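In what follows, a single structure is set out as structure tokens and then discussed.
The values are calculated or read from the model by the stated rules, or taken from the named source; none is laboratory data. Source: prediction; values computed, not measured. Cβ placement follows ideal geometry from the backbone for every residue including glycine, while neighbour counts extend to all protein chains displayed.
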Amino acid sequence: MARLDAKIPEGPIAEKWTNHKNNINLVSPANKRQIDVIVVGTGLAGGSAAATLAELGYNVKAFCFQDSPRRAHSIAAQGGINAAKNYQGDGDSTYRLFYDTVKGGDYRSREANVYRLAEVSTNIIDQCVAQGVPCARDYGGLLDNRSFGGVLVSRTFYAKGQTGQQLLLGAYSAMNRQIGRGKIKMYNRHEMLDLVKVDGKARGIITRNLVTGEIERHAAHAVVIASGGYGNLFYLSTNAMGSNVTAAWKIHKQGAYFANPCFTQIHPTCIPVSGENQSKLTLMSESLRNDGRIWVPKKKEDAAAIREGKLKPTELAEEDRDYYLERRYPAFGNLVPRDVASRAAKERCDEGYGVNKTGEAVYLDFADAIVRYGKEKAHVKGLDESDMGLVRKLGKEIIKAKYGNLFQMYEKIVDQNPYETPMMIYPAVHYTMGGVWVDYNLMTTVPGCFAIGEANFSDHGANRLGASALMQGLADGYFVLPYTIGDYLADDIRTGPIATDSPEFEAAEASVRSQIDAFINNNGSKTVDYFHRKLGKIIWDKCGMSRNEKQLKEAIRKVKALREAFYKEVFVPGTADSFNEPLAKALRVADFLELGELFAKDALERTESCGGHFREESQSPEGEALRDDANFTFVSAWEYKGEPSEAKLHKEELKYENIELKTRSYK
Amino acid sequence: MSSLLSSTIFRKVTMALSGLFLMVFLAQHFIINITSVFSATIFNQFSHFMGTNALVQFLLQPILIGGVIFHFVLGFVLELQNSSARGIKYTVFKGNANASWVSRNMIISGATVLAFLALHFYDFWVPEINYKYIEFLPEDPKRYHEELVHKFEDLGRVIIYVISFFFLSLHLLHGFASAFQSMGVNNKYTPALKSFGKVYAIGIPLGFAFIAIFHFLNH
Amino acid sequence: MKLKLKIWRQENATAKGSMHTYSLDGVSPDMSFLEMMDMLNEQLMEQGIDPVAFDHDCREGICGACSMFINGEAHGPDRLITTCQLHMRKFKDGDTIHIEPFRAKPFPVIKDLVVDRSSFDRIQHAGGFVSVNTSGNTQDANALPIEKEAADKAFDAASCIGCGACVASCKNASAMLFVSAKVSQYALLPQGQVEATDRVMNMVKQMDEEGFGNCTNTGACEVECPKGISLENIARMNREYLTANLKG
């Protein structure tokens, strides 16, 4: 089995990044003007990278499938962004953020990358504030922080429940400046459909204009993939409807290894599924767990009565409620990491304690927080703290100020008032830690092809802590890639413009065209969504929150069969040369149908439990995830070999020199 | 500067300024007219002054007429631009769901007021100009009250005037607060300003209507 | 529920469009409006009819992609939501629902209910940024305290999702609420002061060039805005614009 070289710089961990920056090749300002870079995706990672590369002087072509870069799904991130600023003076440091992230990821991430992430995290906040991002502030005018799951300090910066939107608009504004200067050429409503390699190096992409259907060739000296994660493999997820794996999967098929595909984050606080026609799930920010208490009824008969509508949750006495997270994990309580909270909810629901019609929901209750805040406020105002009506009223005002927009969103969707009755939540697919394998320079195994943000296999190991996805996206885009890409491009200063009429471009375009024509001319009868829904159900049922050998093998078989049926039976209406959403979807689902198989295969091979990956065969007597460090302290990087199930495994051994491998405990 | 003049914001600011100027005039007009209800002498004194003072006649009067013309011409121009900015119209447009009738129909209330102005000029301004500057009749400082009362002997005219004042009120109901918003005034005093605007917009036209009806009933 | 849907169909940017009527049965009140549209499209495809094209992405009210003009109102009858957050429980069995694209000359129709809102992007290219390089060599974030009230107001302005409901709802198709939200965010923060004059002049100029209508302060935009952006921002922009011009 081949060993992968992650190109981690030598030296003590705290100096690796600085030393590396001091020793890599640079491209002079005059030469940067001669170099073109393609960036696919304009979320936090792609947007920030495009802006920074353009500022440095490269000619950037940026692509997004949305009608504007501002709509990339980073926009939906609610809770916050971590940075080791230690503004609260609660003992935070670069090392602590590094440590929390590695531990939170259940010791399956690369130390050097995570340390660098923690190191540049502070720059992100400085940068965003300088750009005019309106972060939350306290009455002294200084930045406010809150606490997120899996950590014991307050290091999360936020902008109400809209942190993602505000940070993305910051990156977008930096892009706007460069678009205005002509340094970024922006291609909206364009989908990348293939990577073009010339002499083994990434030299361009083939795109489809989603409005006109035109197939276009775009050349560059390097290609950056920032196309996000693949949570939509599950059909129902908190991802946007258009989020897809296509760009990442196409480069995988061109030689980029795909790492840890089975590492998926199932977020514990989402609005439960309500019906068959549901198209999408909605996340409720993790920040709610700061104040909400999670519970189910202690007795099964109470749960049954609630499900039938005979009993209201507010009528249940305190002693009949099971605050299972507080019971199982007294140290972290409701703020355990996401994977732990999700599994615990599933466990209760599987046991028959679920509280909505489908039996798949638990309560997130703010009644205690309302009283607590209300009493505090009454005390401050010198009012009667024993007047419960007044206390509740004051408390609700505070909760409203903190989470008003989330409560409103919940009420619009579920039609229940969360100030009066507890919210119902259930885990849902939210983020994928797995992705394209990259080295320390964020370059994939295809020279000249880089992957950043959620699209790469990232710094989060087997589980991501809250508020660190935004951190990683911006770190990659603003502060890491712009340096490391120069090291690669330094060899390209004499290459000159890349021609798009080479045989390689011809061939890539021809293959894209033939795939599109095949769909349009297919004589099928079933819609694309029919297959996507089926795929999602297979993956959720068999590769979801808990996995076992039998189910995973079945999943591989079923996904393969579904893929074959898809090509035979799918119906794609309309024409290739027009705005055709079903066609765009078909091209995306085709790639999900291949990824699904690799996903299950990866989960099957990794017989340990770690982070979000829970193998039923590998658990402690108390039902906690049990890692197998002796055999699985590595990154699984898969090489494409024609069929997903024939992919070849390459291992990147993970060395822990600065953190001791320990069993993760939140008790 | 050229970009300033062609900008939408500048246009609306000039619309606001001319509107506010007309509102000031309207208030002054009202103060003089209301005196006609309780004292013919005071009314005649005011009218005589306004009618014969050179500053009023040869500076303020042209400015006022210019202001009126500017306000309605620009109003029509903006309306044309605005209706072409949509392109294809909606088949269903529920304007009343999110904005008041008065704010959406300034062109209707404005056009009604304009039509009224034509009548009003015909009633008072044309005879006045004729009296003073064409026929050069001798000035009689006591003629004004009588002329005023005489006009309101006709029921039809009184009805037309009252209806016009109603539309004027609608126009002002939006126009007053809107003018301040256009000029960038929106702060903690805005609610108070809006209330005052309402009082003004209803009070002044109501007062004018009262004057007309009063003279009709008491001639 | 059974519904009658009257939907604008237009094959492409140059084709002439018209309203088409479809009936749809079995709609559940818990469905979102877009899920209802998905259901319609599945049925249309089964009948061999081209599905209705509409913009949508996050389906949680933040990306600003969805843009339907439903029964005469942008994003439909409910308040402070986008189309994707509208649920069918707001309608009754047997209702007729009119669905049209957001209309304005600067928002040309691409297909059916999909419109091109790149005019909004161009307005922001003209000045919607603070000219600071993303090098990370800026001063410490807390070296610049910002009064909480100003920060909160800047946030409120910045919560604009760029959906275009303000333009769609305005009887004049004016983009003042959108542009003023962008101008206000920077005008309220010290970081935005240096370029304040150029920013407001350039953004307003671009807005005018795109062909949006004039603001007549009807306030429809504020009511229909899914994020409740206040008219105060328009007044602020007017102020900024006038002072910018006075300065030169």
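Please go through region C:35-70 and pick out each residue that is more than 7 Å from chain A (Cβ to nearest Cβ) and hydrophobic (A, V, I, L, M, F, W, C).
Within region C:35-70, C:36, C:37, C:40, C:44, C:49, C:52, C:54, C:66, C:68, C:69, C:70 meet the criteria.
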Among residues of region A:440-469 being in a helix (DSSP H, G or I) and touching a helix residue (DSSP H, G or I) at 6+ places or on another chain (Cβ under 6 Å), the residue farthest from residue A:120 (Cα to Cα) is A:455
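Mind listing whichever residues of region B:191-217 are farther than 20 Å from residue B:31 by Cα and either touching a residue at least 12 places away in the same chain (Cβ under 8 Å) or in contact with a Pro (Cβ under 8 Å, 6 or more places away or on another chain) (or both)? Talk me through it step by step, then tell me what you get.
Here is the first cut: in region B:191-217, the residues farther than 20 Å from residue B:31 by Cα are B:191-195, B:217.
If the condition is that a residue be farther than 20 Å from residue B:31 by Cα and either touching a residue at least 12 places away in the same chain (Cβ under 8 Å) or in contact with a Pro (Cβ under 8 Å, 6 or more places away or on another chain) (or both), then B:193, B:194 are the ones that fit.
Please state which one of A:355, A:362, A:336 is assigned by TED's automatic domain parsing to the domain that holds residue A:392, out of contact with any Gly (no Cβ under 8 Å at 6 or more places or on another chain) and surrounded by 23 or more Cβ atoms within 10 Å (Cβ to Cβ). Don't jump to the end; show me each part of the working.
Numbers: A:362 fails: out of contact with any Gly (no Cβ under 8 Å at 6 or more places or on another chain); A:336 fails: out of contact with any Gly (no Cβ under 8 Å at 6 or more places or on another chain).
Checking each option against the conditions leaves just A:355.
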For region A:62-76, check the following and say yes or no: at least one residue is closer than 30 Å to residue A:11 by Cβ and within 11 Å of chain C (Cβ to nearest Cβ). no
As an exercise: evaluate residue A:118 against (1) free of Cβ contacts under 8 Å to residues at least 40 places away in the same chain; (2) at the interface with chain C (Cβ under 8 Å from one of its Cβ atoms); (3) crowded, with 24+ Cβ neighbours inside 10 Å and give the number of the one condition it does not meet. (2)
Somewhere in region C:152-171, is a residue within 30 Å of residue A:138 (Cα to Cα) and surrounded by fewer than 20 Cβ atoms within 10 Å (Cβ to Cβ)? yes
Checking the conditions here, which among A:219, A:174 is among the aliphatic types (A, V, I, L, M) and within 14 Å of chain C (Cβ to nearest Cβ)? A:174
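Considering each of A:278, A:254 in turn, give the residue that is in the same structural domain as residue A:349 (by TED's automatic domain parsing) and touching a residue at least 12 places away in the same chain (Cβ under 8 Å). Give the derivation first.
Values: A:254 fails: in the same structural domain as residue A:349 (by TED's automatic domain parsing).
Only one candidate passes the filter, namely A:278.
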Within region B:6-54, track down each residue that is of a type in the set (Phe, Trp, Tyr) and either more than 14 Å from the chain's Cα centre (by Cα) or under 20 Å from residue B:142 (Cβ atoms) (or both). B:10, B:38, B:43, B:46, B:49
Looking across region B:101-122 at residues that are surrounded by fewer than 19 Cβ atoms within 10 Å (Cβ to Cβ) and of a type in the set (Gly, Ala, Ser), the single one that is farthest from the other protein chains (Cβ to nearest Cβ) is B:118
Within region A:591-607, can one find any residue that is in contact with a strand residue (DSSP E or B) (Cβ under 7 Å, 6 or more places away or on another chain), buried (at least 20 other Cβ atoms within 10 Å of the Cβ), of a type outside the set (A, V, I, L, M) and more than 27 Å from residue A:520 (Cβ to Cβ)? yes
Output the residues belonging to region C:32-55 that are closer than 18 Å to residue C:98 by Cα and in a loop (DSSP other than H, G, I, E, B). C:51, C:52, C:53, C:54, C:55
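Rundown of residues vs (1) of a type in the set (Asp, Glu); (2) at pLDDT 95 or above; (3) more than 20 Å from residue A:647 (Cβ to Cβ), yes/no style:
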{"residue": "A:569", "(1), (2), (3)": "yes, yes, yes"}
{"residue": "A:582", "(1), (2), (3)": "no, yes, yes"}
{"residue": "A:585", "(1), (2), (3)": "no, yes, yes"}
{"residue": "A:611", "(1), (2), (3)": "no, no, yes"}
Take residue A:329 and tell me if it is crowded, with 17+ Cβ neighbours inside 10 Å and either among the charged types (D, E, K, R) or more than 26 Å from residue A:609 (Cβ to Cβ) (or both). no
Residue that is surrounded by the fewest Cβ atoms within 10 Å (Cβ to Cβ) [pool: residues in region C:203-248 that are assigned to a loop (DSSP other than H, G, I, E, B) and more than 7 Å from chain B (Cβ to nearest Cβ)]: C:248
I'm trying to understand the selection: among the residues of region A:307-340, which are modelled with pLDDT of 95 or more, of a type in the set (Asp, Glu) and within 30 Å of residue A:464 (Cβ to Cβ)? A:322, A:326
Quick check on my filter: what residues within region B:75-100 are within 10 Å of another protein chain (Cβ to nearest Cβ) and either under 16 Å from the mean Cα position of the chain (by Cα) or in a helix (DSSP H, G or I) (or both)? B:75, B:77, B:78, B:79, B:81, B:82, B:83, B:84, B:95, B:96, B:97
Under the condition of being among the aromatic types (Phe, Trp, Tyr) and part of a helix (DSSP H, G or I), which residue from region B:161-190 is surrounded by the fewest Cβ atoms within 10 Å (Cβ to Cβ)? B:166
Name every residue in region C:105-159 that is among the aromatic types (Phe, Trp, Tyr) and assigned to a loop (DSSP other than H, G, I, E, B), in order of residue number. C:107, C:129
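Kindly indicate whether any position in region C:23-32 is within 11 Å of chain A (Cβ to nearest Cβ) and under 15 Å from residue C:96 (Cβ atoms). Break it down stepwise before answering.
First, the residues of region C:23-32 that are within 11 Å of chain A (Cβ to nearest Cβ): C:26-32.
Those still in the list that are under 15 Å from residue C:96 (Cβ atoms) too: C:27.
Yes: one or more hits.
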Restricted to region C:36-90, and to residues that are among the acidic types (Asp, Glu) and touching a residue at least 40 places away in the same chain (Cβ under 8 Å), which residue is surrounded by the most Cβ atoms within 10 Å (Cβ to Cβ)? C:55
Residues of region C:1-22 being polar (S, T, N, Q) and either surrounded by fewer than 14 Cβ atoms within 10 Å (Cβ to Cβ) or more than 12 Å from every other protein chain (Cβ to nearest Cβ) (or both), in sequence order, are C:14, C:18, C:21
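Going by the structure shown, is residue C:180 part of a helix (DSSP H, G or I) and away from chain A (no Cβ under 13 Å)? Lay out the reasoning, then the answer.
Values: part of a helix (DSSP H, G or I): yes; away from chain A (no Cβ under 13 Å): yes.
Taking the combined requirement at face value, the residue satisfies it.
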Subset of region C:121-160 [more than 7 Å from chain A (Cβ to nearest Cβ) and touching a residue at least 24 places away in the same chain (Cβ under 8 Å)]: C:122, C:123, C:127, C:150, C:153, C:156, C:157, C:160
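Among the residues that make up region B:150-160, is at least one of them surrounded by fewer than 16 Cβ atoms within 10 Å (Cβ to Cβ) and under 30 Å from residue B:7 (Cα atoms)? Quick ask: steps written out before the conclusion?
Kept after step one, since they are surrounded by fewer than 16 Cβ atoms within 10 Å (Cβ to Cβ), are these residues of region B:150-160: B:150, B:153-157, B:159.
Restricting the remaining residues to those that are under 30 Å from residue B:7 (Cα atoms) gives none.
Looking for residues that are surrounded by fewer than 16 Cβ atoms within 10 Å (Cβ to Cβ) and under 30 Å from residue B:7 (Cα atoms), one finds none in region B:150-160, hence no.
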Taking region C:152-186 and keeping only residues that are at pLDDT 95 or above and more than 30 Å from residue B:104 (Cβ to Cβ), one is left with C:154, C:155, C:186
Condition met for residue A:574 (surrounded by fewer than 17 Cβ atoms within 10 Å (Cβ to Cβ), out of contact with any Ser or Thr (no Cβ under 9 Å at 6 or more places or on another chain) and not hydroxyl-bearing (Ser, Thr, Tyr)): no
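Do you know which residues across region A:1-44 are under 19 Å from residue A:110 (Cα atoms) and part of a helix (DSSP H, G or I)?
Step one: of region A:1-44, the residues under 19 Å from residue A:110 (Cα atoms) are A:2-21.
Selection gives A:13, A:14, A:15, A:16, A:17, A:18, A:19, A:20, A:21.
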